[in-house]
Amino acid sequence: MENIRSIFTKNNFNLTKQTSKADEFENKDTSEVIYLVPNKQINIILNPNIVEKKAILRSDGKLHSTALTLFPKEQNKGANLIQYGYSFKFKTEDELDSFLDSFNRI
């Protein structure tokens, strides 16, 4: 997990919050937030406001979680609104590095 966190640092992100459900990273220049969710694959969650505006971003689907504290809420399966974002999964650390580098340029 430390190797993955160092990729965020390399790509101009600071670790701003850690919980058992997700690590929160904020871009130093743009203040964009990305969540890293512990999983078998490398799984990051982007703000829906960005993904829905940028047609170039192809997500692996929505993820709903209370860990995404800075993201908007929507109705999911429960009675209450819950934070959500769009998931992006990577097989390797190099894929993540390349994605974050590209993300910083859009």
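No value in this document is a laboratory result; all are computed from the given coordinates. Note that this is a predicted model, so its numbers are computed, not measured. Reconstructed Cβ throughout: ideal geometry from the backbone, glycine too, with neighbour counts over all protein chains shown.
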**Prompt:** Given the conditions (1) out of contact with any helix residue (DSSP H, G or I) (no Cβ under 8 Å at 6 or more places or on another chain); (2) more than 20 Å from ILE4 (Cα to Cα), and given that ASN27 satisfies all but one, which numbered condition is not satisfied?
**Reply:** (2)
**Message:** Is it the case, given these coordinates, that PHE88 is closer than 18 Å to ASN104 by Cα, in contact with a strand residue (DSSP E or B) (Cβ under 8 Å, 6 or more places away or on another chain) and not in a helix (DSSP H, G or I)?
**Reply:** yes
**Request:** Please list, ordered by first then second residue, the pairs with beta carbon atoms under 7 Å, 6 or more apart or interchain, first in the stretch 84-106 and among the aromatic types (Phe, Trp, Tyr), second surrounded by 19 or more Cβ atoms within 10 Å (Cβ to Cβ) and in a loop (DSSP other than H, G, I, E, B).
**Result:** TYR84/LEU68; TYR84/PHE71
**Complete:** For strands (runs of 3 or more DSSP E) lying entirely in the stretch 26-68, having 3 or more residues that are within 14 Å of PHE99 (Cα to Cα) and of a type in the set (A, V, I, L, M, F, W, C) picks out 42-46
**Asked** Within the stretch 41-52, is even one residue farther than 20 Å from ASP94 by Cα, among the charged types (D, E, K, R) and out of contact with any strand residue (DSSP E or B) (no Cβ under 6 Å at 6 or more places or on another chain)?
**Response** yes
**Request:** Answer yes or no: is there a residue in the stretch 70-77 that is in a loop (DSSP other than H, G, I, E, B), of a type in the set (Lys, Arg), farther than 22 Å from ASN3 by Cβ and touching a strand residue (DSSP E or B) at 6+ places or on another chain (Cβ under 9 Å).
**Result:** yes
